[in-house]
Amino acid sequence: MSVFHLGLIINPLAGLGGPAGLKGSDGVAAEALARGAEPRAAERTRVALELLLPLRDRLAFLTFPGPMGGDLLAEMGFSHRLLGELQGAQTRAEDTRNAVQALQAEGVALLLFAGGDGTARDVCAVAREGQAVLGIPAGVKIQSGVYAVSPRAAGELTRRLVEGGLVRLGNAEVRDIDETALRAGRIAARWYGELSVPQESGFVQQVKQGGVESEELVLSEIAAWLEDSWQQDVRYVFGPGSTLHGLAQNLGLQTTLLGVDVIENGRVLALDVTEAQLFELVEGQQAMLLVTAIGGQGHILGRGNQQVSPRVVRAIGLDNLRVVATKRKLATLDGRPLLVDSGEAALDDSFADVARVWAGYKEELLYPLSTL
């Protein structure tokens, strides 16, 4: 039986800035840790690799030591060989680039990496043309099209490859946002190149649409509906994004474009909250969670709104979650479902097959929802 050689790179700092309300993790890992953020990249990688456990006799991993992959593979019982060594207590972008070069020199059939757009940039900077790679989403902002739609989707797609399934390989864009501009409320995305990625419909995400969509008429209609139906003493959580920011503006409220804000009785109760602050505000309280879909991708949880953690969602209740999206925005999905990637498989599995979408004045749609 032939052995399938997989490379694995985990950026252990990926995603730290999301729950801490820092809009990203580049250069702020220490601050995020000080705010109580916990590393999540290894656990998201574990979710992907769990689908490969039945095939571990056919797999041979190559990876870097410690938190970059060695620890997790040893814990899960996968056969693996360590390459290189870490240069410090915390990993750096240079470690990722060195790992990519070492792994592809060994001729891995597929290089799995866990992180966000910053990690994808580092991979793209040194990956050879044609080297097959696949991202396991673990970052805060994921604009690039080189990531699976969820960790489980990454595992499923890899499983298909190992079992000899026909999986098309194509080029996908690597994009990243300037986090300094992002924290100042400006969106400035840049193209960094392309990577060769296994491409199967429904498994690999689309590149996020750039720009700020403006559909003032529709948002003003939804605002009028919401203003007519505010529930007294209910805390409304507004997720990030131009759609909900525009909705708030139509309600005469000053919210943050890229943060998570809380409204109560028609007034701003808290701005740009962290995950811990948000949980404290909604635990034991009546609350409503409003999120929007990322244009062209469809994610409603797990992309740029990690402050809305699994415990926050449970405290609010799935019945109190609504998606706010115009019909034009839904049309950019080309029939693909809305996506949930909360970071906890049990919670993802508890979502219904459809989401309730506010799309106009007293206009609520049902739209397909998937967790894969």
*Has the stretch 6-27 got any residue that is closer than 30 Å to residue 273 by Cα and modelled with pLDDT of 95 or more?*
yes
*Evaluate the stretch 270-283: report whether one residue or more is charged (D, E, K, R), within 26 Å of residue 225 (Cα to Cα) and free of Cβ contacts under 8 Å to residues at least 40 places away in the same chain.*
no
_Selected residue (criterion: farthest from residue 277 (Cα to Cα)) from residues of the stretch 232-256 that are within 23 Å of the chain's Cα centre (by Cα) and surrounded by fewer than 21 Cβ atoms within 10 Å (Cβ to Cβ)_ = 242
*Pick out the one residue from 347, 366 that is in a helix (DSSP H, G or I) and over 21 Å from residue 245 (Cβ atoms).*
347
*Which residues, taken from the stretch 79-115, are modelled with pLDDT under 90 and either in contact with a Lys or Arg (Cβ under 7 Å, 6 or more places away or on another chain) or crowded, with 19+ Cβ neighbours inside 10 Å (or both)?*
91
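The values are calculated or read from the model by the stated rules, or taken from the named source; none is laboratory data. Bear in mind the structure is a predicted one, so any value in this text is a computation, not a measurement. We place every Cβ from the backbone using ideal geometry, glycine too, and count neighbours over all the protein chains shown.
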